[in-house]
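The values are calculated or read from the model by the stated rules, or taken from the named source; none is laboratory data. Just so we're clear, the structure is a prediction, and the values are computed from it rather than from any experiment. Reconstructed Cβ throughout: ideal geometry from the backbone, glycine too, with neighbour counts over all protein chains shown.
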Ligand SMILES: Cc1cc2nc3c(=O)[nH]c(=O)nc-3n(C[C@H](O)[C@H](O)[C@H](O)COP(=O)(O)OP(=O)(O)OC[C@H]3O[C@@H](n4cnc5c(N)ncnc54)[C@H](O)[C@@H]3O)c2cc1C
Ligand code: SF4
């Protein structure tokens, strides 16, 4: 019988992780599978607050206390149904959301008792339900005669497709890659999200009726054809222009950009035809940056058996943009962090040999509200480097068919959503957009929220 005071006796316990020895050599997910008893127990810690802050802080506004209650009594299929009312891919969010900054960060139990393990329970519910043959239900059985084309099979495009098809709207998803998922497949490594999770989603979406056209680069000509044959189009193209930073020597051999490094490693592990690897075995690796991409690079280099792996970041640990749990995992796996350190010069005759760095202290906040790192005079230090990875993040790179279709973009190259008729509609009424390409490099959960909400707006648009 629930007393609502379980949190006093039952401590927050996350699933165990594999041993560090195993984590350092294999690419699989690091958490062990939970059992139902521990899920029930951890769910029972929820206070069922009258005003659930976790729900507000979750970008999808998931019905968290309600599905925790169902998990507590072991009604996993009902919990999965409820999860899917707001989230197309709960098992993915459960794995990769930075919960400490979102739902769990807002949990009332943080006042001294530690948050409910919301992400891990969300993951368990859908994993378990899917393994028992549960499937997301169609919300309407009839099909409309309208067709929506979706360009980009990342989380934004896939969430849009899932929400359209379950409401009976035909949709075709185009992507340049041979697999769906966008950065879920080609950016985020397997130790955070195993590829079979996304492959399972493809099966489910295809069974619901989504059509995928893969290995298909959309250009102006193809866009014209697609436009003629569609009643509405959703763009979820992501942001892929890497931010270079202002350091001398970026063109030297041995300097690698983060995303090509991660993509090549993923393609190699997925044994895609002709896949070549960028292998850091026995190399002295330095990664520049402090976000999720940087964490994925350092942890990939560890698994490739690099000789040493350093992460150089200009602010302190508290101000790192990456997920706290991933920074912790990187530290556990042997990555050495040089905080308050700014890269100054890449040294080497044609090939990188060393990196000059200087110490920083945090100054006044800049326009973004974050304290600006200020270089401390005469604090230079030299690091030996064989491979230097640039992981400063990504910005928008509007493709030519955007302007060709009179879709307005902002100064930062992001799609402007200034059409007041429907949310997520662009300046060309037939085109809607969501994900990183409207807000800049962000999180999968935001892309899923945009795709979901855009689908509902597209349906209203098609009905007029
Ligand atoms: C290394 C890395 C790690 C990350 N880790 C996390 C994390 O731990 N947690 C988290 O929440 N978020 C993480 N993110 C961010 C998250 O992956 C993105 O915010 C999210 O994937 C954005 O979704 P999207 O659908 O907007 O774009 P994307 O995922 O980028 O998908 C865009 C799709 O559009 C396709 N496309 C683009 N142009 C064309 C064209 N012309 N023709 C055909 N197809 C095209 C691309 O091939 C791609 O498949 C990470 C990002 C990176 C790079
Ligand atoms: S989607 Fe992300 S933020 Fe929302 S409940 Fe799940 S883990 Fe938390």
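What the table shows:
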{"quantity": "Residues satisfying the stated conditions in segment 268-309, i.e. within 18 Å of the chain's Cα centre (by Cα) and under 21 Å from residue 239 (Cα atoms)", "calculated": "289, 290, 291, 292, 293, 294, 295, 296, 297"}
{"quantity": "Residue match in segment 392-407 (condition: under 20 Å from residue 284 (Cα atoms) and either under 24 Å from the mean Cα position of the chain (by Cα) or outside the structural domain of residue 225 (by TED's automatic domain parsing) (or both))", "calculated": "yes"}
{"quantity": "Failed condition for residue 291, given (1) within 15 Å of ligand 1 (Cβ to nearest atom); (2) within 15 Å of residue 158 (Cα to Cα); (3) out of contact with any helix residue (DSSP H, G or I) (no Cβ under 9 Å at 6 or more places or on another chain)", "calculated": "(2)"}
{"quantity": "2 or more residues exposed (fewer than 14 other Cβ atoms within 10 Å of the Cβ): qualifying helices (runs of 4 or more DSSP H) within segment 1-58", "calculated": "6-9, 20-23, 36-43"}
{"quantity": "Residue list for segment 301-314, filter: surrounded by fewer than 20 Cβ atoms within 10 Å (Cβ to Cβ) and in contact with a strand residue (DSSP E or B) (Cβ under 8 Å, 6 or more places away or on another chain)", "calculated": "307, 308"}
{"quantity": "Those helices (runs of 4 or more DSSP H) lying entirely in segment 80-190 with at least 1 residues in contact with a strand residue (DSSP E or B) (Cβ under 8 Å, 6 or more places away or on another chain) and closer than 30 Å to residue 431 by Cβ", "calculated": "155-165"}
{"quantity": "Matching residues in segment 362-373 - criterion: being in contact with a strand residue (DSSP E or B) (Cβ under 8 Å, 6 or more places away or on another chain) and surrounded by fewer than 14 Cβ atoms within 10 Å (Cβ to Cβ)", "calculated": "363, 364, 365, 366"}
{"quantity": "Residue in segment 332-339 that is under 17 Å from residue 360 (Cβ atoms), surrounded by fewer than 22 Cβ atoms within 10 Å (Cβ to Cβ) and touching a strand residue (DSSP E or B) at 6+ places or on another chain (Cβ under 7 Å) present", "calculated": "yes"}
{"quantity": "Hits in segment 382-439 - residues which are closer than 30 Å to residue 356 by Cβ and more than 16 Å from ligand 1 (Cβ to nearest atom)", "calculated": "382, 383, 384, 385, 386, 387, 388"}
{"quantity": "Any hit, segment 451-462, residues being within 16 Å of ligand 2 (Cβ to nearest atom) and touching a helix residue (DSSP H, G or I) at 6+ places or on another chain (Cβ under 7 Å)", "calculated": "yes"}
{"quantity": "Residue in segment 335-354 that is free of Cβ contacts under 8 Å to residues at least 12 places away in the same chain, in the same structural domain as residue 280 (by TED's automatic domain parsing), away from ligand 2 (no atom under 16 Å from the Cβ) and farther than 27 Å from residue 444 by Cα present", "calculated": "yes"}
{"quantity": "Top-ranked residue of segment 295-316 - restricted to ones that are closer than 25 Å to residue 359 by Cβ and touching a helix residue (DSSP H, G or I) at 6+ places or on another chain (Cβ under 7 Å), ranked as nearest to ligand 2 (Cβ to nearest atom)", "calculated": "295"}
